[in-house]
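This report concerns only the one structure given below.
The values are calculated or read from the model by the stated rules, or taken from the named source; none is laboratory data. Worth saying up front: this structure is predicted, and the values here are computed from it rather than measured. Backbone-built Cβ (ideal geometry, glycine too); neighbour counts: all protein chains shown.
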Amino acid sequence: MLGDYPLKGRRASEIAAHIEQGVSSGRLAPGTTLPPLRDLAAELGVNPNTVAAAYRLLRDRGVIETAGRKGSRILPRPALTARDRIRVPVPAHARDLAAGNPDPALLPDLTQALAAAAEAARAEPVLYGHPKVDPELLALARASFEADGLPGGPIVVASGSLDTIERTLGAHLRPGDAVAVEDPGWGSLLDLLPAMGLRPAPVRLDDEGPLPDSLASALAGGARAVVVTSRAQNPTGAALTARRAEALRAVLAGHPGVLLIEDDHGHGMVDQSYHPLVGAGSQHWAVVRSAAKAYGPDLRVSVAVGDQETIGRVAGRLRLGAGWVSHLLQRTVAELWRSDAAPAARVAAVYRARRDALLGELAARGIAAHGESGLNVWVPVPDEASALAALVQRGWVPAPGARFRIQSPPGLRFTTARLEAADARRLADDLAQVLGSAGADSRLV
């Protein structure tokens, strides 16, 4: 069962730590079945309740899953093995199309914004007891949310989209709860859920966003929360349309107790309209917007609006931990946001042109792909490993689809943020040779 890795420990924490060490070192492979409680207790000379407590610790940490009489096993992708590890080194001759980063040349010059933040700090230093949210950032965020038709509500500032999502899930869910997530979807979110002891419930999607019948199935199956990407979905580029948002709101209306989280990280760097899901009767909800894609990943600032109870819990827990997000960062983002309307439209147009260039070249060669918005194009392939290896030989390194998939068909993600038209032609030629006549099904689901 465990091969050459005998388990050790007398206390629950020791047993759990030894199993975690085995997973981290690779000696306990994903899917490995753990001994039944009583068998391991007898082997270690401890009470079965001690082993049960160890297994609960591991489940809550996202290392194992328990299935009653079927026993316990290491998760297929335990929290100790992040999806980002599924990557291919970029050879010196190759082009990195896997990173998912914005184009540095399209990020704003921070000099004036940082100087303005520093001057504000000089004039009014932030001390203990200072308001947690910068007033200008709060006003800009509220105006932005109101302009997109969102209900009024409290606003909280955190350190990026994932930080906000984690805090929001933690405000309402317990280990063992299921969360409806897009499949394929954001690898960091798919890593986060098991690390919190939560279970992903995959929801299929197409270019317009999650499919209503798939979301309905996940909710009927007991999902207590749903996370939906509004625009620039990672990895497929899907963007909610008005029609799809209306259909999803109808599904959500039948589950008012489900926590709804909308991740609108594409705000400020896409030219698709925002279509909210909030308003379907959800009692607990949050809409998150972050500065990472529009202004740079190192500006770890996000704003979220939501219902009173949810945002109150998130803000309260933040106050007890980190305390607040640096006002130097908040004021920098506020300064950029205040003066950035025209540059944001130009940046969105550039990203669209680069994305469309690759999509057009692929279509001309009979290769179906997806990329309605954002920085990435998703290309279905019959076999990820072989297609990736062949592309690396030709000088291209996309991201393996396994980083983003739960049950969805294989594919490769290409970051087009810095891909010029000539490069798109060469890439399409090479991809056509790699796929040959064995093109994959063009559907996402």
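For Pro151, indicate whether it is touching an Asp or Glu at 6+ places or on another chain (Cβ under 9 Å), over 26 Å from Gly371 (Cα atoms), modelled with pLDDT under 95 and surrounded by fewer than 17 Cβ atoms within 10 Å (Cβ to Cβ).
Numbers: touching an Asp or Glu at 6+ places or on another chain (Cβ under 9 Å): yes; over 26 Å from Gly371 (Cα atoms): yes; modelled with pLDDT under 95: yes; surrounded by fewer than 17 Cβ atoms within 10 Å (Cβ to Cβ): yes.
The answer is yes for Pro151.
So if I check each of Ala322, Ala291, Ala286, which one is touching a Ser or Thr at 6+ places or on another chain (Cβ under 9 Å), surrounded by 24 or more Cβ atoms within 10 Å (Cβ to Cβ), over 27 Å from Arg204 (Cβ atoms) and not assigned by TED's automatic domain parsing to the domain that holds Ser373?
Values: Ala322 fails: surrounded by 24 or more Cβ atoms within 10 Å (Cβ to Cβ); Ala286 fails: over 27 Å from Arg204 (Cβ atoms).
After ruling out the rest, the residue left standing is Ala291.
Let me spell it out: the conditions are (1) in a loop (DSSP other than H, G, I, E, B); (2) aliphatic (A, V, I, L, M); (3) surrounded by fewer than 24 Cβ atoms within 10 Å (Cβ to Cβ), and Ala250 meets all of them except one. Which number is the exception?
(1)
Could you list, in sequence order, the residues of region 263-274 that are crowded, with 22+ Cβ neighbours inside 10 Å and more than 24 Å from Ala399 (Cβ to Cβ)?
Tyr274
Considering each of Ala223, Ala180, Ala238, Ala201 in turn, give the residue that is assigned to a loop (DSSP other than H, G, I, E, B), under 15 Å from the mean Cα position of the chain (by Cα) and aliphatic (A, V, I, L, M).
Ala238
Look at region 90-142 and say how many of its residues are touching a residue at least 40 places away in the same chain (Cβ under 8 Å) and either among the polar types (S, T, N, Q) or in a loop (DSSP other than H, G, I, E, B) (or both).
Looking only at that region, the number is 19.
Look through Ala368, Ala349, Ala389, Ala363 and report the one residue that is surrounded by fewer than 17 Cβ atoms within 10 Å (Cβ to Cβ), over 22 Å from the mean Cα position of the chain (by Cα) and not in a helix (DSSP H, G or I).
Working: Ala349 fails: not in a helix (DSSP H, G or I); Ala389 fails: not in a helix (DSSP H, G or I); Ala363 fails: not in a helix (DSSP H, G or I).
Every option except Ala368 fails the conditions.
Just one of (1) surrounded by 13 or more Cβ atoms within 10 Å (Cβ to Cβ); (2) in a loop (DSSP other than H, G, I, E, B); (3) of a type in the set (Gly, Ala, Ser) trips up Gly22, so point out which.
Against the list (1) surrounded by 13 or more Cβ atoms within 10 Å (Cβ to Cβ); (2) in a loop (DSSP other than H, G, I, E, B); (3) of a type in the set (Gly, Ala, Ser), Gly22 comes up short only on (2).
Looking at (1) surrounded by fewer than 24 Cβ atoms within 10 Å (Cβ to Cβ); (2) in a helix (DSSP H, G or I), can you tell me which one Gly279 breaks?
Gly279 satisfies all of (1) surrounded by fewer than 24 Cβ atoms within 10 Å (Cβ to Cβ); (2) in a helix (DSSP H, G or I) except (2).
Within region 117-140, is there a residue that is of a type in the set (Gly, Ala, Ser), under 30 Å from Gln308 (Cβ atoms) and surrounded by fewer than 16 Cβ atoms within 10 Å (Cβ to Cβ)?
Within region 117-140, one or more residues are of a type in the set (Gly, Ala, Ser), under 30 Å from Gln308 (Cβ atoms) and surrounded by fewer than 16 Cβ atoms within 10 Å (Cβ to Cβ).
When you scan region 412-431, do you find a residue that is surrounded by 15 or more Cβ atoms within 10 Å (Cβ to Cβ), closer than 30 Å to Asp134 by Cβ, small (Gly, Ala, Ser) and modelled with pLDDT of 95 or more, even just one?
Yes, some residue in region 412-431 is surrounded by 15 or more Cβ atoms within 10 Å (Cβ to Cβ), closer than 30 Å to Asp134 by Cβ, small (Gly, Ala, Ser) and modelled with pLDDT of 95 or more.
Which one of these is out of contact with any His (no Cβ under 7 Å at 6 or more places or on another chain) and closer than 25 Å to Val251 by Cα: Ala216, Ala118? Quick ask: steps written out before the conclusion?
Details: Ala118 fails: closer than 25 Å to Val251 by Cα.
Just one listed residue meets the conditions, Ala216.
So that you can scan it fast, the table gives a plain yes or no per residue for (1) hydroxyl-bearing (Ser, Thr, Tyr); (2) closer than 22 Å to Trp378 by Cβ; (3) modelled with pLDDT of 95 or more:
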site: Ser217; (1), (2), (3): yes, no, yes
site: Ala220; (1), (2), (3): no, no, yes
site: Ala232; (1), (2), (3): no, yes, yes
site: Pro235; (1), (2), (3): no, yes, yes
site: Leu240; (1), (2), (3): no, yes, yes
site: Ala250; (1), (2), (3): no, no, yes
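Would you confirm whether any residue within region 255-278 is more than 27 Å from Ala143 (Cα to Cα) and free of Cβ contacts under 8 Å to residues at least 60 places away in the same chain? Walk me through how you get there before you give the answer.
Our first condition is that a residue be more than 27 Å from Ala143 (Cα to Cα); within region 255-278, this holds for 255, 257.
Next, from what is left, pick out any that are free of Cβ contacts under 8 Å to residues at least 60 places away in the same chain: 255, 257.
Yes - at least one qualifying residue is present in region 255-278.
Give me the residue from region 19-53 that is of a type in the set (Gly, Ala, Ser) and under 16 Å from Lys70 (Cα atoms) and, out of that set, farthest from the chain's Cα centre (by Cα).
Initially, region 19-53 is screened for residues of a type in the set (Gly, Ala, Ser), giving 22, 24-26, 29, 31, 41-42, 45, 52-53.
Okay, now just the ones that are also under 16 Å from Lys70 (Cα atoms), so 31, 52.
Working: Gly31: 24, Ala52: 32 Å.
The residue in question is Ala52.
Results for (1) more than 27 Å from Leu189 (Cβ to Cβ); (2) in contact with a Cys (Cβ under 8 Å, 6 or more places away or on another chain); (3) touching a residue at least 24 places away in the same chain (Cβ under 8 Å), shown as yes or no for each residue.
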site: Gly374; (1), (2), (3): no, no, yes
site: Val377; (1), (2), (3): no, no, yes
site: Ala389; (1), (2), (3): yes, no, no
site: Ala399; (1), (2), (3): no, no, yes
site: Leu412; (1), (2), (3): no, no, yes
site: Thr415; (1), (2), (3): no, no, yes
site: Glu420; (1), (2), (3): yes, no, yes
site: Arg426; (1), (2), (3): yes, no, no
